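The values are calculated or read from the model by the stated rules, or taken from the named source; none is laboratory data. Model, not experiment: these values are computed from the prediction. Cβ atoms come from the backbone with ideal geometry, glycine included; neighbour counts cover every protein chain shown. Ligands, DNA and RNA are excluded from the accessible area calculation, which covers all protein heavy atoms including side chains. Shrake-Rupley method; radii C 1.70, N 1.55, O 1.52, S 1.80 Å.
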Amino acid sequence: MSPEGAQVLAEPEFRRARPEDGARMYELVREMGGLELNTAYFYVLFCIDFADTCVVAEVDGKLAGFVLGHRPPERQDAVFVWQVGVAPFMRKRGMARRLLEAFLEQNPDARWMEASVTPGNTASRKLFRSVARDHGVECQVSDFMLAEHFPDGHEPEELFRIGPFKTNSNLK
């Protein structure tokens, strides 16, 4: 313990997702609550088929957080953030922001980062706007998934489109 009583943790290690991370992601989301829980199959499949756009953070071998993402087929110059999960022991340490930075570093040819956010998710709205601000790019917000698109009274999802980021690729 530090003098202030906070536990001192090792520096997180960020890397691409591996198939075995899927079960860990599923368990983390199930235990922490607050995020929409997908099936275990979904998390494993994402870690296989979209490993290039999924980031895992570990501290002392424990899952500290993750970003699930993919490239939208119609917008190959963008990476879409599907879900950001942060383990309770890493909360209030800037982990979500660090995960998004690792996500961008892992996808250096992406001109845009996109995410869908509900109107009531203040923390995510602030997070994505801070990424845009700190990178000196725009954060455009538009309608994306309307409430009537969902069968269960789900809130609408707005599209946050952040960029354009400078890249070294030939993507347009």
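Under the condition of being open to solvent by less than 60 Å² (accessible area, probe 1.4 Å) and either aliphatic (A, V, I, L, M) or more than 13 Å from the chain's Cα centre (by Cα) (or both), the residues counted in the stretch 122-144 number 8.
Here Val79 fulfils each of the conditions (1) farther than 22 Å from Asn38 by Cβ; (2) in contact with a strand residue (DSSP E or B) (Cβ under 6 Å, 6 or more places away or on another chain); (3) β-branched (Val, Ile, Thr) apart from (1). In the stretch 36-94, of all residues being among the acidic types (Asp, Glu) and under 19 Å from Phe165 (Cβ atoms), the one that is surrounded by the fewest Cβ atoms within 10 Å (Cβ to Cβ) corresponds to Glu74.
Scanning the stretch 105-121 for residues that are open to solvent by 20 Å² or more (accessible area, probe 1.4 Å) and either on the phi > 0 side of the Ramachandran plot or not charged (D, E, K, R) (or both) yields Gln106, Pro108, Trp112, Ser116, Thr118, Pro119, Gly120, Asn121. Across the stretch 14-35, the qualifying residues are those that are open to solvent by less than 40 Å² (accessible area, probe 1.4 Å) and either assigned to a loop (DSSP other than H, G, I, E, B) or touching a Lys or Arg at 6+ places or on another chain (Cβ under 7 Å) (or both), and the one among them that is farthest from Ser116 (Cα to Cα) is Ala17. Residues of the stretch 36-90 that are more than 22 Å from Leu104 (Cα to Cα) and assigned to a strand (DSSP E or B): Lys62 alone.
A count restricted to the stretch 154-172 and to residues that are open to solvent by less than 70 Å² (accessible area, probe 1.4 Å) and either among the polar types (S, T, N, Q) or more than 22 Å from Ala96 (Cα to Cα) (or both) stands at 5. Listed by first and then second residue, the pairs with beta-carbon distance under 9 Å, at least 6 apart or on different chains, first residue in the stretch 21-48 and farther than 13 Å from Val67 by Cβ, second β-branched (Val, Ile, Thr) and open to solvent by less than 40 Å² (accessible area, probe 1.4 Å), are Arg24/Val56; Met32/Val86; Glu36/Val29; Leu37/Val29; Asn38/Val29.
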